[in-house]
Amino acid sequence: MIDEILEKIKQANKVLIITHVNPDGDTLGSALAMKLFIGEKADVLVQTNKNISYPKTYAFLPEIEKVKFLDTVKDEYDLYIAVDVASIDRIVEFPRELFNKSINTINIDHHKTNRGYGKINLIKGGYSSTGEVLYDFFNEAGIQITKEMAECLYVAILTDTGCFKYETVTKDTFLAASNLMQKGIDTSLIAKKCYDNKPKAMITFQAEVITNAKFALDDKVVYAMITPSLMKKYNVKNEHTEGIAETLRSIETVDISILLKENEDKTTKVSLRSKTIDLTPVVEKFNGGGHKMAAGCTIRRPIKVAIELLLDELIKYV
Ligand SMILES: [Mn+2]
């Protein structure tokens, strides 16, 4: 499989590396590490238009200033590589069309729910991050990991493990981090850039969301709701909702935290976090995906209906 991937990369004239919608540190770090390896003939796609862009937190990543957006991407590629994209519907219409019609598609991921929609699928379900999958890939392929690539992979692993806290972390994850550190990256500075760099409005916005959170099922479940008007009030973007579900999960009695965000079209984006309960069957009921302790879905109903549907489902597990 590794040789096959290397061969495809070698043969390609132009490569599009696709990150998932609402990009995070893992998908961006993995995509940029891959771009740094492939070089000039590879572009990274962020699936928004340019004015929405990627979370500013990650603006320090090498070569991120070169990414393509939906409004600049063209039909000019002969190889597509999706990284950290759990399912094909995490790629939006136009790039999905390009991906689906191409004979050269590679799917690199760590989500257990990934069904292998690529022609070549390098999926290590249960791995800490796609960053760690790629770290193994580069090593097994005998590819030299540069300092810049190491920075990207480290950010991918750091952010997707919640700073090495989640149960997906193994001794190999620490070994990867250690080896990446030996490339000369400043891990303390990277952590500051990823976590101590938030806009003031993000914290005041999150304070209001958390203050209004509701508890259910003997305080084992907590949920918070975000409407477009609240986001407008604080002038915040999607990326500024990050961390709310984790903060709510950190409450002593809570096993499952839910963050619901109503979209302009009255559908609801749901993020779930859990301490002990496997969330994958819950989100699969709503065509979502993810990991045991961190999963998500979109429910095609307004926010108040969505939470009722979710609570009805969660009663079976809590
Ligand atoms: Mn990931």
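Just so you know, all these numbers are worked out from the coordinates, no wet-lab data involved. On a predicted model such as this, the values are computed, not experimentally measured, just so you know. Backbone-built Cβ (ideal geometry, glycine too); neighbour counts: all protein chains shown.
Over all alpha-carbon pairs in the range 110-233, figure out the percentage whose distance exceeds 23 Å.
51
Apply the Debye scattering formula to the range 1-109, with a single equal point scatterer on each alpha-carbon and no solvent, then give log10 I(q)/I(0) at q = 0.16, 0.18 Å⁻¹.
-0.63, -0.82
Return, for the Cα atoms of the range 200-314, the radius of gyration and Dmax in Å, separated by a comma.
13.1, 37
May I ask you to list the trypsin sites (Lys or Arg not before Pro) in the range 58-132 that are in a DSSP loop and have at most 13 other Cβ atoms within 10 Å of their Cβ?
The qualifying sites are K74, R115.
Between 0 and 90 degrees, rounded to the nearest ten: what's the tilt of helix 147-160 against the longest Cα principal axis of the chain?
Between the helix axis and the principal axis of the chain, the angle is about 20 degrees.
How about the range 73-117: which GluC sites (Glu not before Pro) there lie in a loop by DSSP and see at most 11 other Cβ atoms within 10 Å? Display every interim value, and only then the final one.
Working: sites: E76, E93, E97; in loops: E76.
For GluC sites (Glu not before Pro) across the range 73-117 that sit outside H, G, I, E and B with at most 11 neighbouring Cβ atoms in 10 Å, the list reads E76.
Nearest 10 degrees, 0 to 90: what angle lies between the long axis of helix 171-181 and the longest principal axis of the chain (Cα atoms)?
Helix 171-181 sits at roughly 60 degrees to that axis.
Scan the range 151-232 for chymotrypsin sites (Phe, Trp or Tyr not before Pro) in coil per DSSP, keeping those whose Cβ has at most 15 other Cβ atoms within 10 Å, and list them by number.
Qualifying residues, ordered by number: F164.
Using the crude model of +1 on Lys and Arg Cβ and -1 on Asp and Glu Cβ, and no other charge, please compute the dipole size for the chain relative to its Cα centre, in debye to 20. Write down the numbers at each step before the final one.
On the way: 42 positive and 44 negative charges, 124 e Å.
Computed about the Cα centre, the dipole is about 600 debye.
Please give the charge dipole size of the range 8-55, origin at the Cα centre, charges +1 on K and R Cβ atoms and -1 on D and E Cβ atoms. Round to the nearest 20 debye. Write down the numbers at each step before the final one.
Working: 6 positive and 4 negative charges, 57 e Å.
Dipole size: approximately 280 debye.
Over the Cα atoms of the chain, Rg to Rh with Kirkwood Rh, two decimal places?
Ratio value, two decimals: 0.96.
Considering the dipole of the chain built from charges on the beta carbon (Lys and Arg +1, Asp and Glu -1) around the Cα centre, which of S53, M149, V85 is farthest to its positive end?
After comparing all options, I get S53.
Given a Förster distance of 25 Å, report the FRET efficiency between K233 and K266 from their Cβ-Cβ distance, rounded to the nearest 0.05.
The value I calculate is 0.85.
Nearest 10 degrees, 0 to 90: what angle lies between the long axis of helix 130-140 and the longest principal axis of the chain (Cα atoms)?
20
Put a dot 7 Å past each Cα toward the Cβ at K171 and I52; how far apart are the dots in nm?
4.4
Residue farthest toward the positive end of the dipole of the chain, with Cβ of Lys/Arg at +1 and Asp/Glu at -1: which of L230, F94, M1?
Positive-most Cα among the choices belongs to L230.
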